[in-house]
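Trainee: Dropping a structure here in structure tokens format, bear with me for questions.
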Amino acid sequence: MKNLFIILFIIFSVFNLNSYSRERISSENILPIIEKADKQFENEEYHWALRYYTEALEKDSSNPKVHLGLGATYFALQDYSLAIEHFEQSLELNPALIESYYGLSCVYQALGKTDLALKYYRKALGLDSHGQISSISKVVLSKETF
């Protein structure tokens, strides 16, 4: 189950990390750095992704998408405490960021904290008006036996 959550989260993150809106990019224009980080993340080059997301964070620490990227990268690297820290920071900056709730759900599932995992998963589902999470989850759940 843990591996499926990791795979599902990585798929979901790649899907959404590439969909940055250009509405809120810092004055130093961190978009090219974020794009490099996203590309490294997609290629599963997590240490390089971490390098670029950290560079973007140094230029704009108030960008929730940078914290989301860091959370996803730390999750992929199985550094769960830093993943939680960055997912929570992204939610402080943007409480409507579905991916961060979902990320927290995956982290807590990986840690075996099912109650917290379900709490954040339900929050993500409640905000998911386009059904992205539920569509992906159906595929994973259909392969699981409980």
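The values are calculated or read from the model by the stated rules, or taken from the named source; none is laboratory data. A quick note: this is a predicted structure, and the numbers were derived from the prediction, not measured. Here the Cβ positions follow ideal geometry from the backbone for every residue, glycine too, while neighbour counts run over all protein chains shown.
Trainee: What residue, among those in region 78-101 that are modelled with pLDDT under 95 and touching a Phe, Trp or Tyr at 6+ places or on another chain (Cβ under 6 Å), is surrounded by the most Cβ atoms within 10 Å (Cβ to Cβ)?
Mentor: 100
Trainee: Restricting region 102-146 to residues that are β-branched (Val, Ile, Thr) and at pLDDT 85 or above, which is surrounded by the most Cβ atoms within 10 Å (Cβ to Cβ)?
Mentor: 107
Trainee: Right, residue 28: acidic (Asp, Glu), at pLDDT below 95 and part of a loop (DSSP other than H, G, I, E, B) or not?
Mentor: For residue 28, the condition - acidic (Asp, Glu), at pLDDT below 95 and part of a loop (DSSP other than H, G, I, E, B) - is met.
Trainee: Which members of region 85-103 meet the condition of being hydrophobic (A, V, I, L, M, F, W, C) and in contact (Cβ under 8 Å) with a residue 24 or more places away in the chain?
Mentor: Selection gives 91, 93, 96, 97, 98.
Trainee: Another question, if that's okay. Could you tell me which residue of region 60-77 is nearest to residue 108 (Cα to Cα), considering only residues that are touching a residue at least 24 places away in the same chain (Cβ under 8 Å) and surrounded by fewer than 15 Cβ atoms within 10 Å (Cβ to Cβ)?
Mentor: 77
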